[in-house]
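Before any comments, here is the structure.
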Amino acid sequence: MENVNVFRAQEKRYKCPGDQVPDMSEVLDTKDPNSYGFDCLQAIQPDVFMYTKVPGLIILRNCVSPELQKHLLEEIMFGQLQDAKNKTNLSPFHKLPLVTDSIWRRYYNGKESDLVEGIPPTKPITVDRLIQKKLRWITLGEQYDWTEKVYPDPSLSPPFPKTLAKFVEDLVQKYTDFPNWKAEAAIVNFYSPGDTLSAHVDESEEDLTLPLISLSIGLDCIYLIGGSSRSEVPTALRLHSGDVVIMTGLSRQAFHAVPKILASTTPSYLLTENDKWNRWIQTKRINFNIRQVRNS
Ligand SMILES: O=C(O)CCC(=O)C(=O)O
Ligand SMILES: [Fe+2]
């Protein structure tokens, strides 16, 4: 019988309140050749590793330039977040102002204390709290329905953002056996220290052999990846801003989780002259989780 406690024990081990740091002695860090498990990495190029314990897991260290990282963040916050076609976790609960009056623009333009109306029974809440704490995800391209666990009719979805699509499609073409892979849907996750994502497998896409791409910006995190059941002991991997993980082969259907966001690890190149921007990005990890949905 599946012993779900094996994975759960590792989630518990790394999960700890807000700014606290867990025991890092068994965490694999691709930036640190002395770290635990580093000998299980097979470098196929400088900065490109296969992780031999989880077949099909490819780690591209520091693969997104600082300029592209900033561009992707700006595109999300100033662009996609103000477009009602992109669903967020807030959409069902709050009457979100959109277009040039979006919650991000209000926050950025000094109106962070403004109250945003809730859809009853949700109470009004400040722009600041929505941006800093409550916003947990936004979907791009094909809009995944979290309740029904399906991707609705693709003809109704907004187009997938072009720069992001081109960047990840080139990576998939270069490093996997799927040259025609297409970025069709993304879930962009926002985490603050203390936030977690529990163990799961992503299995709503039509063809579960097609790679899944995960691109991280902002704070470091501990990412757990195991095998096809929760009874397999997962590996703890430290992910940094600019890292991309490709889950292909067996790893595509492996259980994974994010039990810890590591506070105070934002790279300085993400900071700007703007205090509002800095106050936000210094407490965030943003993960772009990108899939091909349809069987081509
Ligand atoms: O934040 C991450 O690195 C993982 C996110 C994830 O697994 C998901 O969105 O399905
Ligand atoms: Fe996932």
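The values are calculated or read from the model by the stated rules, or taken from the named source; none is laboratory data. As the structure is a computational prediction, the values presented were derived from the model and not from experiment. With ideal geometry, Cβ positions are generated from the backbone for all residues, glycine too; neighbour counts draw on all protein chains shown. Side chains included, ligands, DNA and RNA excluded: accessible areas come from the protein's heavy atoms. Shrake-Rupley method; radii C 1.70, N 1.55, O 1.52, S 1.80 Å.
Trp277 sits among other residues whose Cβ lies under 12 Å from its own Cβ, and their net charge, with Lys and Arg +1 and Asp and Glu -1, is +1.
With the simple model of a label 7 Å out from the Cα in the direction of the Cβ, Glu273 to Val233 spans 5.3 nm.
May I ask you to order 147-158, 199-210, 237-248 by the average number of other C-beta atoms within 10 Å around their residues, highest value first? Present the calculation step by step, with values, prior to reporting the outcome.
Numbers: 147-158: 11.5, 199-210: 14.8, 237-248: 22.7.
The packing order, highest mean first, is 237-248, 199-210, 147-158.
Placing pseudo-labels 7 Å out from each Cα toward the beta carbon at Asn180 and Val21 gives an inter-label distance of 4.9 nm. Once backbone amide H atoms are built at 1.01 Å from N, Thr126 has Val116 as its partners under 5 Å, excluding neighbours fewer than 5 places away on the same chain.
In whole percent, how big is the carbon plus sulfur part of the accessible area of the chain, probe 1.4 Å, protein atoms only?
52 percent
Electrostatic bookkeeping for Gln253 treats Lys and Arg as +1 and Asp and Glu as -1; over the other residues with beta carbon under 9 Å from its beta carbon, the sum is -1. Mean sequence separation of contacting Cα pairs (under 8 Å, at least six apart), scaled by the length of the chain, corresponds to a relative contact order of 24 percent. The calculated FRET efficiency for the pair Phe38 and Val4, based on their C-beta separation and a Förster distance of 30 Å, comes to about 0.55. With a cut-off of 15 Å, note down the residues of the range 52-96 whose backbone N falls inside the zone around a label point 7 Å from the Cα of Ile119 toward its beta carbon. Backbone N within reach: 84-96. For the range 201-208, backbone phi angles converted through the Karplus equation (6.51, -1.76, 1.60; θ = phi - 60°) give residue-by-residue couplings of 10, 8, 9, 8, 7, 5, 10, 7 Hz, Gly and Pro being listed as x. When each of the peptides 17-23, 37-43, 61-67 is scored by how many other beta carbons lie within 10 Å of its residues on average, the order from highest to lowest is 61-67, 37-43, 17-23.
In straight-distance terms, cross-link reach from Lys134 covers every one of the lysines whose alpha-carbon lies under 20 Å from its own, apart from those fewer than eight places away in the same chain; here that gives Lys15, Lys85, Lys87, Lys95, Lys111, Lys123, Lys260, Lys276, Lys284.
Distance distribution P(r), the chain, all Cα-Cα pairs, bin width 5 angstrom from 0: 1, 5, 12, 16, 18, 18, 14, 9, 5, 2, 0, 0 percent. Amide H to amide H distances under 5 Å link Leu197 with Val258, where only residues 5 or more positions off or on other chains count and H is placed in the peptide plane.
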